[in-house]
Amino acid sequence: MLTLQSPVTEINGIGKTRAEALARVGIHTVSDLLWYFPRAYQDRGDVRQISMEACDGFDHAFILTVATQPKSARLKNRMTLTKFRATDETSSAELVFFNQPYLSTYFKVGEEYRFYGKLQRAKTHYVLSSPAYERLDPNAPPHDLVPVYRMTEGMTRKTLENAVHEVIEALVPLAPDTLPESIRKRRGLCTLAYALRNIHEPEDHTALRRAACRLVFDEVFYRLLAVSVCSGQRPRCGGIRFADAELGEFLACQPFALTGAQERTVNEICRDMGRDGDVPPMNRIVVGDVGSGKTVCAQAAMYVAAKNGYRSLLMAPTEILARQHFADTEPLMRRLGYRVALLCGSMKARERAEVLRGLVSDDSSEKIDMVIGTHALISDGVRCERLGLIVADEQHRFGVSQRAALSERGSEVPHTLVMSATPIPRTLSLAMYGDLDVSRIDEMPPGRQRVDTFAVDEGYRARLNAFIRKNVEEGGQVYIVCPSIEEAEVQDEEHEGRELEGILFPDESKPPLKAAVKYAEELKNGVFSDIPLAFLHGKMKPAEKDAVMLAFVRGEIKILVSTTVIEVGVNVPNASLMIVENAERFGLSQLHQLRGRVGRGSRKSYCVLVSDSDGENAKKRLNIMKKTCDGYEIAEMDLAMRGPGDFFAGEGQKLRQHGDTGLRLAASWQDVEIFEAADEEARLLKDVDPRLESVENARLREAVLKSVDTSIAKLN
Ligand code: ADP
Ligand code: MG
């Protein structure tokens, strides 16, 4: 009998190969599958008519009557092409399918079908290429909201949907509700069973909303409880006291005076770390827009640790960033008398061994005081004696469980400092960092210039190329960013689903990633053949990426064409121009992050957003970008424009799973009221039963612990 704990292989149609594909996205058991929520929904109920406006680059639903007999033909490259014409009241479109010859007998002239895809305009007519299709059977009308799952190679949409359906039918009615009934009723939340069914197979928008509200509540609520429940599992341990927090010498080595916000942050850090040993160690996040100067705050903390005879470890999300931090920090600390080492995956065994020795040694000839690296630092069994401080740059990949795992390494619990450049609206930060103290750097260093931002269309191409050339000739460097297939996924270095491309970009027989490569080659062999230009994309090996990035940092490459893999936080002060191609494909916060790559030095900097889209929201977004440079304002507008819970496919906004944070839905479904409700309830409960030890909270406790386990499992 199927239970929540059964392996997925017990589901019909899931054999060894498919189970392996599922395992790649972290689905091992039936319960994992149930909690594998769609990352978006297609709204096929929002039917458009064939028209210019529908050619806005996004997927839409069309209800069309087949007008001509479908014909299949064999193409030279051994593909088959099936074509026919279909109409609505307004116009007609040509429908095109590849390699599905059976479709020529599936579609019947005179019958109505619902199609879902991107309408395009050819010279003389409209084309709908490889859309999804459904027969409109009045007796069994298809669902309007169709879930879109994150896919991986070896998984098909149908397999996944069928498996989910089977599990829902078999288990959901029986699934015990993990939330205490009293809380559920008080907050007007639906049952878990209803929520699970409707998050996967929503009856309508309202049902989806209710389902999401409940699941978001759970995520945030469990998350907020996890900290107190878990801390009950470990012997309580005071932080290490760093009595000497005198920063005079450190500050004297800085080429600038700290801003007020930096000073406040540094004080908060020193206060946390200087507290008497009975209080828990520092657990602080520094949130500040790109370029606000978080690094120096982290360096100050590391300096204090070293001064007090403790080592610190700085972890960056990528090797490029780690190298950059090393290059910034090493000379500074050397002047102050401390040794800094770099530790990354690509290092030779001998160098590595030397660093490892330095981390446990007391011998001043080899002792290392600070180590900077990537995740490899914590996962490769690195031992570090007298570890007093852990700094993580970019919190996204560094979750609560990872912190827990880390602090269990030594006998003493190190202080933790997390730095985040993502301007997260306050509401979400409550859910993500409920257990962290927050320092906000809400002030930019003086003299920071505004990046002038323009939105242009293809008509400006020639002038744009001239502008690029001018920038390079004046000694600047240029980024050109192209969207990639699933930019969120590429950024997270996750698998890209072949099939997903087919759903979301049905018209592109060539995936856009290739288009980007091609575009880079065109530039290299064409207009910019005399300028050093390189290309960077998510599928390159880390070493290759690093080599290109380093060459750009060094100024050997003048134009860097890339998908959005350009690393968060990479600092190339000489870069003065950021060009974003297909800017309509990017969300506001993302455009802001991209723009943050330029304007970091003394050069006057520009950002040019190139888009041919007529989409209303796209235009709005680009206008906001032209008007404001404030990351928080942009984040709030982003939220306002999308609205909480608006995570429908299209509009180029992709739901991003914050895997490490254990917040699957909450990150995209930002609803202040739910967050606050969860926070209130968690507080109430923590007052009476902080570790959830009472009998009536046993099930809840289990759910909370399981949610923590899940995020730990993701890390290994
Ligand atoms: P981020 O917050 O994005 O990590 P950084 O710490 O990399 O920002 O700082 C961005 C740039 O600003 C760096 O070149 C740094 O030297 C400079 N900077 C930081 N603080 C100040 C300051 N108080 N005055 C002037 N420049 C500063
Ligand atoms: Mg930084």
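Observations on the model:
- The alpha-carbon of Lys627 sits under 19 angstrom from the alpha-carbons of these lysines, leaving out residues fewer than 8 places away in its chain: Lys604, Lys619.
- The length gained on full extension between Ala122 and Asp442, counted as 0.36 nm times the residue separation minus their Cα-Cα distance, comes to 110.3 nm.
- Selection of chymotrypsin sites (Phe, Trp or Tyr not before Pro), region 581-639, meeting DSSP coil and at most 11 other Cβ within 10 Å: none
- Förster-model FRET efficiency, 56 Å R0, Met1 and Met52, C-beta, rounded to 0.05: 0.50
- Restriction of the GluC sites (Glu not before Pro) in region 1-56 to DSSP coil positions whose beta-carbon has at most 11 other beta-carbons within 10 angstrom yields no sites.
- Charge tally in the Cβ shell below 11 Å around Ile27, where Lys, Arg are +1 and Asp, Glu are -1, Ile27 excluded: +1
- Taking 24 Å as the straight-line reach from the Cα of Lys686, the lysines in range (excluding those fewer than 8 positions away in the same chain) are Lys185, Lys706.
- Label-point separation in nm, Tyr460 to Ser602, each point 7 Å along Cα→Cβ: 2.8
- Within a straight-line Cα-Cα reach of under 30 Å, Lys367 can be paired with the following lysines, leaving aside sequence neighbours fewer than 8 residues apart in one chain: Lys294, Lys307, Lys348.
- Spin-label pair Leu684/Thr65, simplified geometry with 7 Å Cα→Cβ offset, distance in nm: 5.8
- Those trypsin sites (Lys or Arg not before Pro) in region 454-483 that DSSP places in a loop and that have at most 11 other beta carbons within 10 Å: none
- Whether region 46-142 is rounded, prolate or oblate, judged on the alpha carbon gyration tensor where a/c under 1.5 counts as rounded: oblate
- Nonlocal amide H pairs with Val286, under 5 Å, H built at 1.01 Å: Val418, Met419, Ser420, Ser439
- For Gln449 and Lys518, the FRET efficiency from 1/(1 + (r/R0)^6), where r spans their Cβ atoms and R0 equals 35 Å, is about 0.50.
- Net lengthening on full extension, Thr9/Ala353 (0.36 nm per residue, minus Cα-Cα): 119.6 nm
- Placing a pseudo-label 7 Å from each Cα along the Cα-to-Cβ vector at Glu161 and Glu134 gives an inter-label distance of 0.8 nm.
- If you plug the beta carbon distance of Asp278 and Glu616 into 1/(1 + (r/R0)^6) with R0 = 60 Å, you get a FRET efficiency near 0.55.
No lab work stands behind these numbers, since they all come straight from the coordinates. Owing to the predicted nature of the structure, the values given are computational and were not obtained by experimental measurement. Backbone-built Cβ (ideal geometry, glycine too); neighbour counts: all protein chains shown.
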